[in-house]
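The structure appears right after this line, and notes come after that.
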């Protein structure tokens with residue numbers, strides 16, 4: 001196999017064997033559903049309903065609150081109970097629409113109607129995707145409609161589908177590729193209609209040979225879509241790394257993938273596009289991996305967005321013993337949870353329960369200057385120097401050392417034999433520089 | 001769920017390799033040269049090694065207790081410092097001298113500058129140079145098989161012939177751990193296989209020493225050196241042990257890749273300069289500690305460009 005990859009990065013224990021053979025199972029919720037208005041990058045969505053309203057499954061309950069924002073659709077039918085701040089995955093309370101599920105799943109008019117995408121204009125396709133509330137489902141949550149509307153649509157020559165799924169434990173994209181390859185391919189064809197000169201490459205790490213084989217067979221003879229096996233290495237699924245691996249083009253923090261002629265979409269997002277455009281089904285469910293050694297039955301579940309993490313965990317067979325740590329997302333870039341009483345949102349790729357927390361077990365010791373962070377950094381940075389600068393609040397040096405290029409992938413921290421929290425310092429440095437820039441801008445205006 | 005959950009910033013994974021496992025690997029890699037040193041020099045070598053290690057660990061322990069810092073002798077770094085100092089001493093030194101050297105290495109060079117990771121030069125080598133300057137005659141008293149004599153490197157400098165096979169095996173006079181090329185290569189191979197070190201610094205250091213030795217011989221009018229001379233320079237003295245075990249010391253070598261290249265070339269130049277032009281036959285220790293001091297400067301000018309910055313500047317990626 002002709003394997004492609006990016007520079008540096010690290011090899012992780014995959015832990016995918018826990019859930020990779022469990023077929024996707026759909027679970028229906030009951031009771032309260034919670035839809036935070038900020039579950040994407042950009043402005044919060046604006047509610048279109050008020051308490052007491054009756055809503056139907058698939059009905060838009062909030063519209064985009066700006067250019068960079070996203071709509072939200074109800075995943076169930078029922079009554080709007082309230083709109084109030086609720087705890088989210090990020091540990092913050094945010095305004096959320098709360099709907100009491102009536103358990104009937106009465107669909108909105110036209111829901112599920114088949115549509116021929118070839119009869120739709122690019123503009124109509126983009127509108128459908130925006131109204132369906134689709135955002136990048138790999139974790140970033142950037143509006144897919146905005147991403148599919150670059151300034152130079154005719155110059156885009158690569159549509160890249162991210163099937164790398166490089167985070168340990170996660171298997172939801174893998175299961176989708178195995179179980180719904182036709183939907184994935186149709187979703188790609190829909191998006192290719194927006195980019196007349198683009199060719200699509202599906203990048204899949206070589207630890208998923210069955211997915212590579214299945215999609216390659218299905219796409220045999222297709223001149224517009226091909227499968228590219230990638231070397232299994234973290235962070236292969238990082239947008240900049242994936243573009244480099246597949247096209248050899250490099251972008252930095254000041255550029256968009258479109259500047260390099262590329263549009264990158266995740267597997268689950270492409271399938272959501274198919275569902276919205278071809279089946280008139282907005283983004284109301286997603287596939288999550290429930291895994292970790294403190295879960296009774298690791299599995300992949302299709303859940304309704306808005307359901308609580310606790311209900312998903314119960315549907316997966318519950319916890320085994322007392323976990324030390326619960327994560328939303330993968331162990332490299334995911335968020336640690338202190339409760340399961342929070343709603344599943346569009347970007348929730350997984351719930352992981354770990355009986356052993358390596359972070360608590362390995363406190364930081366002095367840096368021995370070994371250079372493993374330098375060898376690990378896919379952005380070619382020197383995390384050791386960045387940490388020194390950030391920890392001393394020396395943000396000028398932090399910027400000079402190209403700290404703003406950090407993608408927060410976590411490789412440096414995971415590679416450090418002194419167990420130093422390098423990524424944490426870089427995040428702090430980046431956030432501080434951004435804050436200072438905002439303040440400088442505000443000062444200039446006044 | 002009754003207990004409190006742990007929360008922390010991502011990533012939630014940690015390396016299974018720790019500082020102590022790296023230091024333990026270095027100590028294991030030093031065992032072949034230590035064994036050979038004892039075989040070659042007898043029981044005195046064993047006692048010197050034990051004194052060095054014990055004094056280094058004890059100094060670290062006592063100092064950290066006195067200043068109420070966490071005790072870090074479990075990380076094996078003091079053990080490694082003691083071992084490196086020991087293999088850099090002749091087996092004939094009085095027993096108080098290795099103890100003094102270890103105290104100097106750990107107390108003055110390492111702990112007073114902030115402990116692990118903060119020393120500005122290799123503690124063991126700094127201690128060796130301290131002893132060499134203070135007690136020159138005892139530190140250069142090489143006895144082999146009961147006969148005091150010049151090391152092969154000194155013989156080479158004097159224009160005499162050397163036995164290369166003997167130098168490879170190490171059955172001649174010299175510091176405890178520097179004589180056997182074979183034993184050094186076994187240890188170095190272990191470090192390379194375990195990925196504790198990369199070949200970049202030692203490989204370039206050794207290569208550039210030989211290249212600069214040729215250049216300096218030509219410049220000083222000594223003429224093109226013979227193959228025996230160059231192999232003698234390679235096998236003799238502390239070049240190999242220095243390149244694999246001391247120049248690769250994490251704390252005192254650059255962290256940037258291009259910085260490591262500059263550092264290795266500087267080491268090669270200084271070593272060749274001291275050996276060819278200098279009065280003494282040997283120059284590895286001084287070359288390394290001088291280069292150690294320059295490392296912060298090297299790092300400052302070798303910060304690499306980030307991913308995607310080079311081509312972006314040239315405007316190569318315009319869609």
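The values are calculated or read from the model by the stated rules, or taken from the named source; none is laboratory data. Quick caveat, the model's predicted, so the values are computed rather than measured. Cβ coordinates were reconstructed from backbone atoms using ideal geometry, including for glycine residues, and neighbour counts include every protein chain displayed.
A quick yes/no check of all residues on (1) within 14 Å of another protein chain (Cβ to nearest Cβ); (2) touching a residue at least 24 places away in the same chain (Cβ under 8 Å):
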| site | (1), (2) |
| --- | --- |
| B:226 | no, no |
| B:248 | yes, yes |
| B:257 | yes, yes |
| B:262 | no, yes |
| B:288 | no, yes |
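Residues in segment B:105-131 that are crowded, with 19+ Cβ neighbours inside 10 Å and either over 23 Å from residue B:296 (Cα atoms) or free of Cβ contacts under 8 Å to residues at least 24 places away in the same chain (or both): B:109, B:131.
Residue A:92 falls short of the stated requirement of being in contact with a helix residue (DSSP H, G or I) (Cβ under 9 Å, 6 or more places away or on another chain), farther than 20 Å from residue A:286 by Cβ and free of Cβ contacts under 8 Å to residues at least 40 places away in the same chain.
Where helices (runs of 4 or more DSSP H) fall entirely within segment B:1-116, those with at least 2 residues that are within 14 Å of chain A (Cβ to nearest Cβ) are at B:19-41, B:43-66, B:77-87.
Of the residues screened, residue A:336 is one that is facing chain B (nearest Cβ under 10 Å) and assigned to a strand (DSSP E or B). Comparison of A:91, A:78, A:103 shows that the only residue that is within 21 Å of the chain's Cα centre (by Cα) and outside the structural domain of residue A:304 (by TED's automatic domain parsing) is A:91. Taking segment B:168-257 and the helices (runs of 4 or more DSSP H) fully enclosed by it, the elements with 3 or more residues that are within 14 Å of the chain's Cα centre (by Cα) and either at pLDDT 95 or above or under 30 Å from residue B:52 (Cα atoms) (or both) are at B:181-193, B:200-219. Whether any residue in segment A:215-231 is within 24 Å of residue A:125 (Cα to Cα), more than 15 Å from the chain's Cα centre (by Cα) and part of a strand (DSSP E or B) is what I want to check. The answer is yes, given that some residue of segment A:215-231 is within 24 Å of residue A:125 (Cα to Cα), more than 15 Å from the chain's Cα centre (by Cα) and part of a strand (DSSP E or B). Looking at residue A:323, is it buried (at least 21 other Cβ atoms within 10 Å of the Cβ), assigned to a loop (DSSP other than H, G, I, E, B), touching a strand residue (DSSP E or B) at 6+ places or on another chain (Cβ under 6 Å) and within 10 Å of chain B (Cβ to nearest Cβ)? So residue A:323 passes the test. Residues in segment A:141-166 that are in a loop (DSSP other than H, G, I, E, B) and within 14 Å of chain B (Cβ to nearest Cβ) were compared, and the one that is surrounded by the fewest Cβ atoms within 10 Å (Cβ to Cβ) is A:151.
Quick one: in segment A:232-255, which of the residues that are under 15 Å from residue A:206 (Cβ atoms), over 18 Å from the mean Cα position of the chain (by Cα) and assigned to a helix (DSSP H, G or I) is farthest from the other protein chains (Cβ to nearest Cβ)? Applying the filter and picking the extreme gives A:246.
In the condition set (1) within 30 Å of residue B:75 (Cα to Cα); (2) in a strand (DSSP E or B), residue A:302 is compliant with all but (1).
Does residue A:196 qualify as being farther than 23 Å from residue A:349 by Cα, at pLDDT below 95, within 21 Å of the chain's Cα centre (by Cα) and in the same structural domain as residue A:286 (by TED's automatic domain parsing)? Against the criterion (farther than 23 Å from residue A:349 by Cα, at pLDDT below 95, within 21 Å of the chain's Cα centre (by Cα) and in the same structural domain as residue A:286 (by TED's automatic domain parsing)), residue A:196 does not qualify.
Tallying residues that are within 14 Å of chain B (Cβ to nearest Cβ) and part of a helix (DSSP H, G or I) within segment A:256-280 yields 4. Scanning segment B:290-319 for residues that are modelled with pLDDT under 85, more than 9 Å from every other protein chain (Cβ to nearest Cβ) and part of a helix (DSSP H, G or I) gives B:313, B:314.
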